[in-house]
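> There's a structure below that I have some questions on.
The values are calculated or read from the model by the stated rules, or taken from the named source; none is laboratory data. Just so it is clear, the model here is predicted, and its values are computed rather than measured. Every residue, glycine among them, receives a Cβ derived from its backbone with ideal geometry; neighbour counts consider all protein chains shown. Calculation scope for accessible area: heavy atoms of the full protein, side chains included, ligands and nucleic acids excluded. Shrake-Rupley method; radii C 1.70, N 1.55, O 1.52, S 1.80 Å.
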Amino acid sequence: MSTGARPSALAPFRIRNYRFQWPSDLLTSWAFEIETLVLGWYILVETGSVLLLTILASLQYVGTLVAPALGMIGDRMGHRDLLVVLRLTYTALASTIMALALTGRLAPLNVMIIVAIMGLIRSSDLGIRSALLADIMPAERLVGAIGLSRTTQDSARIAGALTGAGLFAALGIGLVYAAVASLYLAAAILMSCLTRPKRTVTTSDLPANGHAVLRLLGDLKEGIVYAWSGPGMRAALCVAFLANLTAFPFTGGLLPYIAREIFHTDQTGLGYLSASFAVGSLIGSITLSLVGGLRIARLLIGATLAWYAMLLVFVEIRTIPVAMACLVLAGIAQSMSMISAAVILMRTASAHLRGRVMGVRMMVIYGLPIGLLAAGSLIDIIGYSATGSLYAAAGFIAMLAISIRWRADLWPLHAPANAR
């Protein structure tokens with residue numbers, strides 16, 4: 001088994017399209033992470049409000065509710081073409097922030113408006129790139145390919161956290177955004193170099209009248225119903241929603257507040273904390289790309305429970321080195337949990353519905369803005385530690401409930417979700 005594990009880790013790069021998609025996703029993820037860190041710190045410093053910080057983070061995910069519709073568009077026009085359009089749009093929006101900052105006209109309200117516009121489409125990027133990955137990758141290489149693809153996000157979190165903090169402190173937000181816009185443009189160019197995968201859905205059979213709208217709505221409904229049809233898929237979607245609601249707020253949108261108010265550090269310390277979680281996530285992604293024969297559904301259960309256990313510890317820690325170590329362990333568990341959920345969905349979904357299925361997967365990310373806004377209010381009322389403990393404990397208990405509810409589909413070795 002060990003002799004076969006190493007070739008399987010790099011096998012996806014033998015596919016030409018993957019050699020262009022991987023660096024395109026990497027540059028996009030890098031730009032995402034720099035933006036998240038820089039804008040979060042900007043809003044916190046300019047306004048001093050944790051509530052506005054959580055609102056900013058929430059605006060980045062307003063598009064999760066329309067993600068199934070974008071997934072349907074991707075199924076029809078092609079996932080590769082849609083990603084090119086999205087990344088060119090990111091370039092335009094980042095250039096707008098750059099221009100406002102360099103001319104001295106940038107203000108918190110401007111940032112909120114632009115982030116809200118970007119949030120309408122940015123939430124769908126991850127799901128559409130996963131659907132494209134399933135289009136271009138043979139089934140036997142899918143687990144390794146998804147693991148390697150996750151390294152684009154994880155390594156970008158490390159680089160984005162460290163370079164974003166340093167660049168912001170040294171150069172200011174205007175020049176940082178010049179770099180961000182360049183990253184998005186390069187990502188769009190790389191994506192355009194992909195050969196279009198064979199289309200699984202065509203638009204030639206759509207009626208050229210008002211019935212087309214009904215047909216499109218019917219296709220959208222079909223995708224949503226299908227994504228919720230299989231027990232394994234339902235469990236994976238529930239875990240994804242739960243994690244976004246109760247786990248991700250404390251390692252994402254609230255991290256600038258935690259760094260400044262709990263650990264009393266600056267943007268460099270924030271970068272170290274963010275990078276620590278990303279290092280753990282990268283370790284988890286690489287591990288899954290190297291190790292074969294795992295029971296994915298069992299891994300989903302164990303990794304998610306371990307993630308919440310680490311968060312229970314993290315919210316009580318007050319020293320940065322220990323917090324960083326805890327975040328590394330939480331990042332490992334998070335990566336294994338979310339990759340497992342993605343693998344279950346991609347293995348189960350029919351090819352012509354993958355975009356819509358992953359759109360539904362992105363839609364459940366809407367739990368994150370809900371969790372962020374609730375956490376921002378609760379922190380003002382009961383404090384940071386109590387809020388963090390409440391979220392982690394509730395998530396742990398809910399994960400146990402999901403495991404019990406779908407035990408027959410997630411735990412037996414012969415269950416389809418545990419297929420090797």
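> Tally the residues that are modelled with pLDDT under 85 and not charged (D, E, K, R), restricting the search to region 321-366.
Residues flagged as modelled with pLDDT under 85 and not charged (D, E, K, R) within region 321-366 amount to 21.
> May I ask you to say which residue of Val291, Val313 is among the β-branched types (Val, Ile, Thr) and in contact (Cβ under 8 Å) with a residue 40 or more places away in the chain?
Details: Val313 fails: in contact (Cβ under 8 Å) with a residue 40 or more places away in the chain.
Among Val291, Val313, only Val291 is among the β-branched types (Val, Ile, Thr) and in contact (Cβ under 8 Å) with a residue 40 or more places away in the chain.
> Here is a further query. Scan region 326-340 and give yes if some residue there is over 20 Å from the mean Cα position of the chain (by Cα) and crowded, with 17+ Cβ neighbours inside 10 Å, otherwise no. Step through it out loud before you land on a result.
As a first pass, look at region 326-340 and keep what is over 20 Å from the mean Cα position of the chain (by Cα): 326.
Narrowing further to those that are crowded, with 17+ Cβ neighbours inside 10 Å: 326.
The answer is yes, given that some residue of region 326-340 is over 20 Å from the mean Cα position of the chain (by Cα) and crowded, with 17+ Cβ neighbours inside 10 Å.
> Name every residue in region 34-55 that is within 15 Å of Ile379 (Cβ to Cβ) and either open to solvent by 10 Å² or more (accessible area, probe 1.4 Å) or modelled with pLDDT of 85 or more (or both), in order of residue number.
Gly48, Ser49, Val50, Leu51, Leu52, Ile55, listed by residue number.
> Can you pull out every residue in region 185-202 that is open to solvent by less than 70 Å² (accessible area, probe 1.4 Å) and at pLDDT 90 or above?
Residues satisfying the conditions are Ala186, Ala187, Ala188, Leu190, Met191, Ser192, Cys193, Leu194.
> Is there a residue being under 13 Å from Ile320 (Cα atoms) and crowded, with 18+ Cβ neighbours inside 10 Å anywhere in region 235-253?
No.
> Taking the condition of being assigned to a helix (DSSP H, G or I), of a type outside the set (Phe, Trp, Tyr), open to solvent by less than 60 Å² (accessible area, probe 1.4 Å) and under 26 Å from Val239 (Cβ atoms), how many residues in region 307-323 meet it? Break it down into steps so the answer makes sense when it comes.
If we filter region 307-323 for residues that are assigned to a helix (DSSP H, G or I), which is where we start, we get 307-314, 320-323.
Now drop any that are not of a type outside the set (Phe, Trp, Tyr), which leaves 309-313, 320-323.
When the remaining residues are screened for being open to solvent by less than 60 Å² (accessible area, probe 1.4 Å), the result is 309-311, 320, 323.
Now restrict to residues that are under 26 Å from Val239 (Cβ atoms): 309-311, 323.
Going through region 307-323 one residue at a time, the tally reaches 4.
> Name, by its number, the condition in (1) closer than 18 Å to Gly147 by Cα; (2) at pLDDT 85 or above; (3) of a type in the set (A, V, I, L, M) that does not hold for Leu294.
Of the numbered conditions (1) closer than 18 Å to Gly147 by Cα; (2) at pLDDT 85 or above; (3) of a type in the set (A, V, I, L, M), the odd one out for Leu294 is (2).
> Can you pull out every residue in region 8-33 that is open to solvent by 10 Å² or more (accessible area, probe 1.4 Å), of a type in the set (A, V, I, L, M, F, W, C) and in a helix (DSSP H, G or I)?
Leu10, Phe13, Phe20, Trp22, Leu26, Leu27, Trp30, Phe32
> While we're on this one: Among (1) at pLDDT 75 or above; (2) buried (at least 21 other Cβ atoms within 10 Å of the Cβ), where does Leu175 come up short?
(2)
> Moving to a separate point now. Here is a list of conditions, (1) modelled with pLDDT under 80; (2) closer than 17 Å to Leu190 by Cα; (3) of a type in the set (D, E, K, R), and Arg19 meets all of them except one; can you say which number that is?
(1)
> If we scan region 246-261, do we find a residue that is assigned to a helix (DSSP H, G or I) and polar (S, T, N, Q)?
yes
> Can you tell me which of Ser229, Ser276, Ser281, Ser285 is open to solvent by 40 Å² or more (accessible area, probe 1.4 Å) and either in contact (Cβ under 8 Å) with a residue 40 or more places away in the chain or assigned to a loop (DSSP other than H, G, I, E, B) (or both)? Spell out how you get there, then give the answer.
On the way: Ser276 fails: open to solvent by 40 Å² or more (accessible area, probe 1.4 Å); Ser281 fails: open to solvent by 40 Å² or more (accessible area, probe 1.4 Å); Ser285 fails: open to solvent by 40 Å² or more (accessible area, probe 1.4 Å).
Of the residues listed, the single one that is open to solvent by 40 Å² or more (accessible area, probe 1.4 Å) and either in contact (Cβ under 8 Å) with a residue 40 or more places away in the chain or assigned to a loop (DSSP other than H, G, I, E, B) (or both) is Ser229.
> Let me ask you something else. Of all residues in region 371-388, how many are surrounded by fewer than 22 Cβ atoms within 10 Å (Cβ to Cβ), assigned to a helix (DSSP H, G or I) and at pLDDT 90 or above?
8
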